[in-house]
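J.: The structure under discussion is supplied below as structure tokens; questions concerning it will follow.
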Amino acid sequence: MMLLHRISFILNFNWKARKITLKKVTVPARTRVSVYRRQAWCVFVILQGKSRRRREYLMRIEMAKRIDQIPPYLFAEIDKKKEEMRQKGVDLIDLGIGDPDLPTPKSIIERLKKAAENPRNHRYPSYEGMIEFRTAVAQWYDRRFGVKLNPGTEVLSLIGSKEGIAHIPLAFVNPGDVVLVPSPGYPVYRVSTLFAGGTPYFLPLRKENGFLPSLSEIPETVAKKARLLFINYPNNPTSAIAEKPFFEQVVAFARQYRIIVCHDAAYSEIAFDGYQPLSFLEVEGAKEVGVEFHSLSKTFNMTGWRIGFAVGHSEILGGLGRVKTNIDSGLFQAIQEAGTEALAHLDTPLPEIINIYEKRRDVMVNGLQEIGLEVDRPKATFYLWIQVPKGYTSAQFAALLLDQGGIVATPGNGFGEEGEGYIRMALTIDEKRLKEAIDRLRKIKF
Ligand SMILES: Cc1ncc(COP(=O)(O)O)c(C=O)c1O
């Protein structure tokens with residue numbers, strides 16, 4: 001029997017994959033159908049006759065695996081959603097990001113102005129920081145925590161504490177090593193671990209444990225492979241605090257398994273009702289196992305200035321310093337001078353900041369509790385960690401608040417799986433707007 005073959009070609013344009021598929025179809029359909037895949041630029045050369053420029057235009061951009069494996073930065077996603085709502089003309093009350101709305105104290109700004117005019121400060125700074133700044137850090141540590149530090153070897157300046165947290169795994173984590181990371185937790189602990197090729201092992205922070213990790217539940221095999229342990233008290237996002245017995249457990253655990261402790265103390269100076277958070281380094285033996293990260297961001301309303309520091313074990317700081325010398329060129333000296341002014345001359349916690357957050361906290365906690373939402377009155381940080389009502393996921397409840405009240409809150413699962421069931425609100429807007437947020441929340445049915 002004779003088969004009739006009619007051959008035709010179909011061009012498929014797949015813009016997303018930057019590919020064009022050339023299909024050769026033979027009819028009847030029972031016979032062979034061949035598909036020739038060509039690189040898109042080749043077909044364009046044929047179709048358009050414009051070779052080089054087209055080839056460049058169609059070059060495929062591929063991310064490194066380390067970028068592909070991380071989700072978009074939590075707040076970048078929220079920013080996108082907020083922008084969409086703003087475009088629609090919605091008056092948003094933004095409780096999403098913990099970025100203080102209060103100004104930096106005047107004396108710090110004045111010192112920056114003067115320091116900026118000094119040509120000595122226009123040159124490359126040293127990566128470890130000016131000795132004047134490091135001395136001010138050491139003196140502040142002694143005054144505030146009673147901890148003695150050698151400014152020459154036990155203090156390192158940072159371009160914000162995020163920078164140090166992001167870089168430290170590069171110094172100590174080999175591919176395949178484990179890093180112990182709290183969940184929920186500040187997202188940078190996980191991402192910096194992944195960037196270094198490490199494997200995060202998540203330590204659940206649960207209400208029944210006061211949002212402290214249960215170190216005894218970490219399997220021995222995991223503990224043996226762990227190189228770093230991140231902890232953070234006062235805590236973001238749960239606003240929990242840690243007392244001495246917990247830090248003592250951490251030191252013992254770190255000694256047993258030779259794990260470097262990275263304590264993130266970014267919120268040590270945001271505390272209420274006369275409470276003064278501890279430094280991890282106040283605990284005996286802490287300096288032999290770890291470092292503590294600090295920030296001037298929240299303490300002095302300086303998030304935009306990018307100034308922080310790490311203190312503690314000199315060899316651990318040396319490792320972080322080696323990463324920094326190869327990546328950044330230190331912190332603008334004029335900002336270091338301003339930071340020196342802040343640490344040397346202002347008493348922390350700064351009463352004028354604390355009093356404002358304390359009032360805001362009470363307005364919000366009272367309002368939320370009246371509405372029937374479950375939230376504790378935090379002793380520290382400017383965050384409220386609120387349980388979502390039954391029947392909602394974190395994302396669903398955050399979406400409900402945004403859609404029906406124009407209120408931006410952060411879904412707890414954005415801080416890790418164990419954050420599911422919560423949303424976080426930041427007290428970084430004024431009292432009047434917080435009262436308005438409560439009024440809007442009252443009108444939402446959940
Ligand atoms: C827990 C925690 N650590 C560190 C940082 C980073 O602060 P900075 O880089 O401004 O010092 C933040 C910022 O929000 C934070 O919440």
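Since every read-out is calculated from the coordinates, none of them should be taken as a lab result. What you see is a predicted model; the values in this text were computed from it and never measured. Cβ: placed from backbone, ideal geometry, glycine included. Neighbour counts: every protein chain shown.
J.: Between residue 355 and residue 59, what's the calculated FRET efficiency when r is the beta-carbon distance and R0 is 60 Å? Round to 0.05. Numbers along the way, then the final one.
T.: Working: r = 57 Å, r/R0 = 0.95.
Efficiency, from the Cβ-Cβ distance: 0.60.
J.: Picking from 187, 171, 236, whose Cα lies most toward the positive end of the charge dipole for the range 148-254 (charges on Cβ: Lys, Arg +1; Asp, Glu -1)?
T.: Positive-end residue among those listed: 187.
J.: So what is the 222 nm mean residue ellipticity for the chain from helices alone, if each DSSP H run of at least 4 adds -39500 (n - 2.57) and you divide by all residues, rounding to the nearest 500 deg cm²/dmol?
T.: Values: 17 runs with 181 residues, N = 446.
Helix-only estimate at 222 nm: -12000 deg cm²/dmol.
J.: Using only Cα atoms, find the angle between the long axis of helix 106-117 and the longest principal axis of the chain, and express it within 0 to 90 degrees, rounded to the nearest 10.
T.: 70
J.: For a quick check, take a GNM of the chain with Cα springs below 10 Å and name the residue from 346, 149, 296 with the largest mean-square fluctuation.
T.: 346
J.: Less than 20 Å from a label point 7 Å out along the Cα-to-Cβ axis of residue 390: which backbone N atoms in the range 404-423 qualify, by residue?
T.: 420-423
J.: Mind putting together the pair-distance distribution for the range 146-272? All Cα pairs, 5 Å bins, whole percent per bin, short to long.
T.: Using 5 Å bins, I get a P(r) of 2, 10, 20, 23, 22, 15, 6, 1, 0 for the range 146-272.
J.: Could you state the number of Å between the C-alpha centres of the range 197-248 and the range 293-346?
T.: 25
J.: Any chance you could run the full-extension gain for residue 345 through residue 113? It's 0.36 nm times the residue separation minus the Cα-Cα distance, nm to one decimal.
T.: Details: separation 232, 0.36 × 232 = 83.52 nm, distance 1.69 nm.
Full extension of this stretch gives 81.8 nm more.
J.: Using 0.36 nm times the number of residues separating residue 101 and residue 206, minus their current alpha carbon distance, what extension gain do you get?
T.: Values: separation 105, 0.36 × 105 = 37.80 nm, distance 2.99 nm.
Gain in length upon complete extension: 34.8 nm.
J.: Between residue 248 and residue 79, how many nm apart are label points set 7 Å from Cα along the C-beta direction?
T.: Simple spin-label model gives 4.5 nm for this pair.
J.: So what are the range 316-399's ellipsoid semi-axes, whole angstrom, largest first, if each one is the square root of 5 times an eigenvalue of the alpha-carbon gyration tensor?
T.: In descending order, the three semi-axes are 39, 22, 10 Å.
J.: Still on this structure, I have one more. In whole angstrom, and with the biggest value first, how far do the Cα coordinates of the range 353-446 range along each principal axis?
T.: Here the spans come out as 35, 28, 19 Å, largest first.
J.: Can you give the convex hull volume per residue for the Cα atoms of the chain, as a whole number of Å³?
T.: 229
J.: Mind giving me the nanometre distance, one decimal, between the label points for residue 153 and residue 370, set 7 Å out from Cα along Cα→Cβ?
T.: Using points 7 Å along Cα→Cβ, the separation is 5.8 nm.
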